[in-house]
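Worksheet: the structure to be examined is printed underneath.
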């Protein structure tokens, strides 16, 4: 079975994760729905139920998008002194859209890296070991 699914370099795992593709076979999709992991890869059967990404993808999304939104809002405020309601109308929908756009690739990346650096095929043994 090792010959069937060779160990992939980290660079390729990053690419596969960002695209939401299976880290083992590179063909199957890891998402059953938006942000919902499939139980297993439909192509090779890689069990994805052991992947626990938790809040991992949310942190970089908040940092990247929060920094971008705050920076753009500050520039617009210093340039045109917009009213607060207009800031809310501009930045809130943009922030929601960007978060919705960036979360699936980051979650896929997290799952792919977990596949490489942490065994996710085995059920967790008692005591978390």
16 Å cut-off, amide nitrogen to a point 7 angstrom out along residue 117 Cα→Cβ, residues in the range 13-28
13-18
Of the residues 60, 83, 104, which exhibits the maximal mean-square fluctuation in a Gaussian network model of the chain defined by a 10 Å Cα contact cut-off?
83
Out of 66, 108, 28, a Gaussian network model of the chain with alpha-carbon springs under 10 Å gives the largest mean-square fluctuation to 66
Based solely on its DSSP helices, what 222 nm [θ] is calculated for the chain when runs of n ≥ 4 H residues each add -39,500 (n - 2.57) and the sum is averaged over all residues, nearest 500 deg cm²/dmol?
-18000 deg cm²/dmol
In degrees, nearest ten, helix 84-117 long axis to first principal axis of the chain (Cα):
20
Between residue 10 and residue 79, what is the label-point separation in nm under the 7 Å Cα-to-beta-carbon projection?
3.8
What angle, in degrees between 0 and 90 and rounded to the nearest 10, separates the Cα long axis of helix 10-19 from the longest principal axis of the Cα atoms of the chain?
60
Sites residue 72 and residue 47 - FRET efficiency at Förster radius 35 Å, r taken between beta-carbons, to 0.05
0.25
Say we join alpha carbon atoms closer than 10 Å with springs in a Gaussian network model of the chain; which of 114, 21, 81 then has the biggest fluctuation?
81
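Coordinate-derived values only; no laboratory data. Please read all numbers here as calculations on a predicted model, not as lab measurements. Backbone-built Cβ (ideal geometry, glycine too); neighbour counts: all protein chains shown.
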